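The values are calculated or read from the model by the stated rules, or taken from the named source; none is laboratory data. Only a predicted model underlies this, so the values are computations on that prediction, with no experimental measurement involved. Backbone-built Cβ (ideal geometry, glycine too); neighbour counts: all protein chains shown.
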Ligand SMILES: *Cc1c(COP(=O)(O)O)cnc(C)c1O
């Protein structure tokens with residue numbers, strides 16, 4: 001373990017104790033999300049450092065779906081990052097966080113004409129997913145008033161079809177992926193070359209090979225395919241028509257320990273070795289990392305409501321289940337997470353490990369965040385910490401059993417162990433929950 005990851009664990013330990021001590025979590029609010037401000041800043045710094053290259057304009061955007069929380073986007077914006085958005089809602093969050101248009105990229109596979117019009121009017125970069133979308137953009141470009149400002153960057157997303165990783169649902173570069181123009185399909189590359197030749201304003205190329213479970217060499221192969229294609233487009237155009245390559249995100253996260261492996265530096269090293277031309281100054285680079293920036297900087301902290309036993313198996317019934325750890329509960333083999341057993345004061349528990357289940361509050365039998373896990377035996381009033389949950393967990397709530405979205409707090413830990421919290425999101429109230437569920441609307445009447 002290096003010093004940085006060690007510090008991450010130390011800050012987290014202080015924050016878990018302080019969250020209990022300061023009453024952020026307890027009987028009234030039995031589950032909360034915690035985010036490490038220092039950790040997020042360090043992740044952003046590591047990303048900038050890994051890709052920084054003299055003479056190359058690099059724009060790092062954050063994939064908003066990984067932590068759709070305005071104060072987090074604001075912090076990342078302060079760290080010099082932009083936003084990759086994939087819906088009108090995500091665009092609204094990025095704008096609310098003050099992310100400038102020139103650092104925003106719109107990537108959804110299902111953009112409506114209205115969304116495209118808005119993005120172009122705002123000056124946001126758009127990556128078209130398919131030929132039909134490009135035709136819609138053609139019409140919007142043609143309809144732009146004469147003398148209107150230069151069109152924002154527009155790119156085309158290609159699927160290099162280099163294959164999948166260990167998690168099918170996260171693999172976007174399979175032969176039949178729903179994303180982008182399938183580059184190896186018959187006639188596809190010819191079509192792409194023609195599409196660029198016919199549209200002098202088409203100046204970016206986008207690919208995103210996948211997320212968790214995709215190895216570095218496969219990610220690099222996807223970027224390589226996009227780079228090679230850009231070179232062919234530019235050769236045909238006789239100019240640097242594609243001036244920016246958007247290489248997507250997808251750096252996998254290590255969910256087994258606090259170590260950051262692979263790191264942004266590891267990935268950048270592979271890219272520099274495999275695709276030196278990407279860094280020689282002819283192309284701007286856009287990245288769209290999500291999970292790798294936030295995962296290790298977040299923790300779900302939940303109270304153990306009851307400790308019981310069934311069929312000889314101890315079971316801790318906690319307040320963190322499928323509503324916050326949806327993927328882990330439904331696809332546990334692909335999304336295992338580490339669980340820390342904490343005592344009633346938020347301190348790590350000692351004691352002999354006992355094989356037990358850590359269950360959530362949802363009313364279905366599979367609502368388990370850890371099954372048959374050896375941990376110090378959990379008891380009523382203890383806490384559990386679900387580690388590496390800063391990305392995709394508490395920002396993508398699953399409203400099963402009308403369980404409220406928990407509060408999220410950001411922490412800054414001083415060297416002396418003192419911890420300061422700042423609110424990131426308040427817990428959803430009962431009134432909000434009822435209103436969201438049609439509570440203000442008239443009751444349905446019988447036929
Ligand atoms: C989800 C997504 C990302 C971010 O993926 P991570 O695995 O969180 O880094 C980036 N780009 C696109 C197009 C995506 O869909």
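Here is the figure for segment 242-264: residues that are within 16 Å of the ligand (Cβ to nearest atom), modelled with pLDDT of 95 or more and either over 29 Å from residue 39 (Cβ atoms) or in contact with a helix residue (DSSP H, G or I) (Cβ under 7 Å, 6 or more places away or on another chain) (or both) total 9. Looking across segment 60-84 at every residue that is in a helix (DSSP H, G or I) and surrounded by fewer than 24 Cβ atoms within 10 Å (Cβ to Cβ), the one that is farthest from the chain's Cα centre (by Cα) is identified as 78.
Candidates are the residues of segment 86-113 that are assigned to a loop (DSSP other than H, G, I, E, B) and touching a residue at least 40 places away in the same chain (Cβ under 8 Å); the one that is surrounded by the most Cβ atoms within 10 Å (Cβ to Cβ) is 107.
Of 350, 346, 372, all but one fail to be closer than 25 Å to residue 9 by Cβ and either surrounded by 15 or more Cβ atoms within 10 Å (Cβ to Cβ) or touching a helix residue (DSSP H, G or I) at 6+ places or on another chain (Cβ under 6 Å) (or both); the exception is 346.
Checking the structure you have, find out if any residue of segment 226-241 is within 29 Å of the chain's Cα centre (by Cα), surrounded by fewer than 18 Cβ atoms within 10 Å (Cβ to Cβ) and within 13 Å of the ligand (Cβ to nearest atom). No; the residues of segment 226-241 include none that is within 29 Å of the chain's Cα centre (by Cα), surrounded by fewer than 18 Cβ atoms within 10 Å (Cβ to Cβ) and within 13 Å of the ligand (Cβ to nearest atom). In segment 327-337, the count of residues that are buried (at least 18 other Cβ atoms within 10 Å of the Cβ), in contact (Cβ under 8 Å) with a residue 24 or more places away in the chain, assigned to a strand (DSSP E or B) and over 16 Å from the mean Cα position of the chain (by Cα) is zero. The set of residues from segment 175-222 being under 18 Å from residue 162 (Cα atoms), in contact with a helix residue (DSSP H, G or I) (Cβ under 6 Å, 6 or more places away or on another chain) and in a helix (DSSP H, G or I) comprises 216, 220. Just the residues that are crowded, with 18+ Cβ neighbours inside 10 Å and under 20 Å from residue 103 (Cβ atoms), please, taken from segment 279-307. Passing the criteria: 283, 285, 286, 287, 288, 289, 290, 291, 292, 293, 294.
Kindly indicate which of 182, 220 is more than 13 Å from the ligand (Cβ to nearest atom), assigned by TED's automatic domain parsing to the domain that holds residue 241 and under 21 Å from residue 126 (Cβ atoms). Spell out how you get there, then give the answer.
On the way: 220 fails: under 21 Å from residue 126 (Cβ atoms).
Among 182, 220, only 182 is more than 13 Å from the ligand (Cβ to nearest atom), assigned by TED's automatic domain parsing to the domain that holds residue 241 and under 21 Å from residue 126 (Cβ atoms).
When you check residue 256 against the structure, is it surrounded by fewer than 18 Cβ atoms within 10 Å (Cβ to Cβ) and more than 22 Å from residue 67 (Cβ to Cβ), yes or no? When the stated conditions are applied, residue 256 does not pass them. Answer with yes or no whether residue 165 is within 16 Å of the ligand (Cβ to nearest atom) and within 22 Å of residue 126 (Cα to Cα). Criteria not met by residue 165.
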